[in-house]
Structures are given as C-alpha cells and as structure tokens.
1. All but one of (1) part of a helix (DSSP H, G or I); (2) closer than 30 Å to Ala165 by Cβ hold for Phe60, so report the exception by its number.
2. Given the criteria touching a strand residue (DSSP E or B) at 6+ places or on another chain (Cβ under 7 Å) and either at pLDDT below 95 or of a type in the set (A, V, I, L, M) (or both), does Ala24 qualify?
3. Among the residues of the range 201-215, write down those that are surrounded by 10 or more Cβ atoms within 10 Å (Cβ to Cβ) and either closer than 20 Å to Ala115 by Cβ or at pLDDT below 85 (or both).
4. Take the range 1-53 and flag every residue that is among the aliphatic types (A, V, I, L, M) and closer than 21 Å to Leu148 by Cβ.
5. Somewhere in the range 136-148, is a residue at pLDDT 95 or above, open to solvent by 30 Å² or more (accessible area, probe 1.4 Å) and over 17 Å from the mean Cα position of the chain (by Cα)?
6. Regarding the range 219-227, can at least one residue be identified that is under 25 Å from the mean Cα position of the chain (by Cα), free of Cβ contacts under 8 Å to residues at least 12 places away in the same chain and closer than 29 Å to Val147 by Cα?
7. Looking at (1) open to solvent by 50 Å² or more (accessible area, probe 1.4 Å); (2) of a type outside the set (Ser, Thr, Tyr); (3) farther than 18 Å from Pro45 by Cα, can you tell me which one Glu160 breaks?
8. Determine whether Pro45 is more than 21 Å from His93 (Cα to Cα) and without any contact (Cβ under 8 Å) to a residue 60 or more places away in the chain.
Amino acid sequence: MTRHLSVPEATALAHSMVATLASASGIRTLSIKGPVADHYRFRAPRIAADADILVEPRGFGLLCSLLEARGWHQRVGRATPSLLPQHSLTYVHAEWPCDLDLHCAFPGFFGRPDATFEALWSGRSTLSIGNRDVSVPSRTSAALIGVLHALRTAGSRRHETEMAAIAQIALTQFSDAERGELWRLAKAGGATWTAEDLLLQLGFSASASDATEHDKRMWTLHRTYIGDGSTVSWWEELRSAPWNVKPALLVRALWVPRADIPRNDPKRIPSRAEARSYRIRRWIRGGRAMMVYASRRGERRG
C-alpha cells in the first residue's frame, strides 16, 4: 500500500481488506455506516475518513491481532474513563491514509453484544465495496444503526438531519415486514428505550425498558455533554471513587505524561514544548467543560 491512494479509495479498500482477512480466519464482520448509509440513501454521499466495521465479539481479539501483524496499530494514548462502555478500537497504518474503526459493539444497543450481532447478521445483505462483496446490515438494520449513531451525537446539525431523513424513509418507504424487522431487532439488541421515539412513530411500544437506570443516566450524560465527554467522564470517575483513591485519580486526570500524549506515531515522543502546549490546551478545555457542567447542574437543581 502506498500513500498515493486517495482517502475514498483507501477507505473502500480497507472494508474489502478487513472482510477478506476476517473471512479467511472464520470471523464474521459487517461493514457499517459510511458506504452502507450512502447505499441505502440515508444521507447525502460524502467522503469517509475511516472504515467502520462491526466484528462478532468472539472474533474481535483475533482480528485485532491479525491486523497488528500486518502493521496496523492503535493510536498512542492511555486508557481513560468513558461515560459509555468501550465499543471500538481505532487502528492506523503508516501507509494507509484512513483509519479502521473496529466495533465489538454499537452504542445504543444495551443488550448483549453477541446477541445483537446475531440479530444484525441474520438479516444481512451484501454490497460491493473496494471491488469485493462484503457483508452489510439490511436496510432495516442499517436504519436502526444510523438512528442510534445520530442519537448519540446530539446537538450535531448534520446528525439531526440524517436522523430525520432515516425516520422519514422508515415512515414512508418501509414495508410492514421491514417495520416488524426493525422492531424485532430493537428488542433483540436492547434498543427499544434508545430508539423509542422512532418506534412510537412506527406504532410500536415496549412494555418495559431494556436499559437500566445507570445505562440511561450515562447515555443522557454523554448526549448532553457530547463535546465535553472526557472531562465529565473523569468527574464521574472521581465522584464515585473511594476517598483513599481520589488523590491519585485526580493527579492522573490532570497530568498526561509525554509518552501518553495521543498521537499516531508510537516511536515519536512529543517534545517538552509540545507536551506543555498540549497540557495547557487540555486544562483550558477541561476548565471550560467543568464550568458548563456545573452551570447545567445548578440550573436543574434550581
């Protein structure tokens, strides 16, 4: 692979490459989002800078290892708290001008990841991407994935537009069979609470919530503070930690060692000046985020 590939070409070939590699090892994958959303006309076509691929949970670790053996690696960075459970890993390669986002789960589905994958896989279709037929979700499954993705990124004009477009297609173009499939998938994947608004428009209503109160709180926090998720995640971690752990956790939240500063090239350690600049920017962002968080909490209490 050489750098002369354009991003669209590389992204398409990344879908094809992962599908081929996974299939050879008996691992099932579904290409999602980007080219699939374009194919079903859920959005206006646009260039994707990454390839999003949902991997069956039991094969996720093996596929990651196979990619790492071929020069792909995760971006440098330390493990940090998150409002939502980790659902994906991003891989980069020096000779590929695109990212790989491998998903072991998809946010918004609160059911077991393996059960969710099986439900998505059972209705799969195929699509030619990068000169190869790859497995993709059905139109119904892709619609639900698109809605969940848009819901997770609340406040984005683009995602609100895409969610409205998907809802309109579901309401005006889906057959009764497709509507029923969407309802069954939402139940199987534990997304009836998350996608409740769309399901109600389609005439479906769950008798009981499939998300716990903790799930709902974390999902709502994530959506509310989408631009400040990292800061709010650290605060939630600090708030719930035992008192004897809080001091060390606070230091870790505030200080990022040079070796852990996020970057693509693991061999290049940022200079002291670069590290200082990164930390100052991060502290400023974090301070602003905490002021917003405190202000909103005060408004709710008032």
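The values are calculated or read from the model by the stated rules, or taken from the named source; none is laboratory data. It should be emphasised that the depicted structure is a prediction, and the values quoted were computed from it without experimental measurement. Using ideal geometry, Cβ is built from the backbone for each residue, glycine included, and neighbour counts are taken over all protein chains shown. Quick note on the areas: whole protein, heavy atoms, side chains included, nothing else; ligands and nucleic acids left out. Shrake-Rupley method; radii C 1.70, N 1.55, O 1.52, S 1.80 Å.
1. Phe60 satisfies all of (1) part of a helix (DSSP H, G or I); (2) closer than 30 Å to Ala165 by Cβ except (2).
2. Values: touching a strand residue (DSSP E or B) at 6+ places or on another chain (Cβ under 7 Å): no; either at pLDDT below 95 or of a type in the set (A, V, I, L, M) (or both): yes.
Spelling it out, it is not the case that Ala24 is touching a strand residue (DSSP E or B) at 6+ places or on another chain (Cβ under 7 Å) and either at pLDDT below 95 or of a type in the set (A, V, I, L, M) (or both).
3. Listed by number, the residues that qualify are Phe204, Ala206, Ser209, Asp210, Ala211, Thr212, Asp215.
4. Here is the first cut: in the range 1-53, the ones among the aliphatic types (A, V, I, L, M) are 1, 5, 7, 10, 12-14, 17-19, 21-22, 24, 27, 30, 32, 36-37, 44, 47-49, 51, 53.
Correct list: Leu30, Ile32, Val36, Ala37, Ala44, Ala48, Ala49, Ala51, Ile53.
5. Yes, there is a match, as at least one residue in the range 136-148 is at pLDDT 95 or above, open to solvent by 30 Å² or more (accessible area, probe 1.4 Å) and over 17 Å from the mean Cα position of the chain (by Cα).
6. Of the residues in the range 219-227, the ones under 25 Å from the mean Cα position of the chain (by Cα) are 219-227.
Subset that is free of Cβ contacts under 8 Å to residues at least 12 places away in the same chain: 220.
Subset that is closer than 29 Å to Val147 by Cα: 220.
Checked against the condition, which is being under 25 Å from the mean Cα position of the chain (by Cα), free of Cβ contacts under 8 Å to residues at least 12 places away in the same chain and closer than 29 Å to Val147 by Cα, the range 219-227 yields at least one hit.
7. In the conditions (1) open to solvent by 50 Å² or more (accessible area, probe 1.4 Å); (2) of a type outside the set (Ser, Thr, Tyr); (3) farther than 18 Å from Pro45 by Cα, Glu160 misses (3) alone.
8. On the way: more than 21 Å from His93 (Cα to Cα): yes; without any contact (Cβ under 8 Å) to a residue 60 or more places away in the chain: yes.
Yes.
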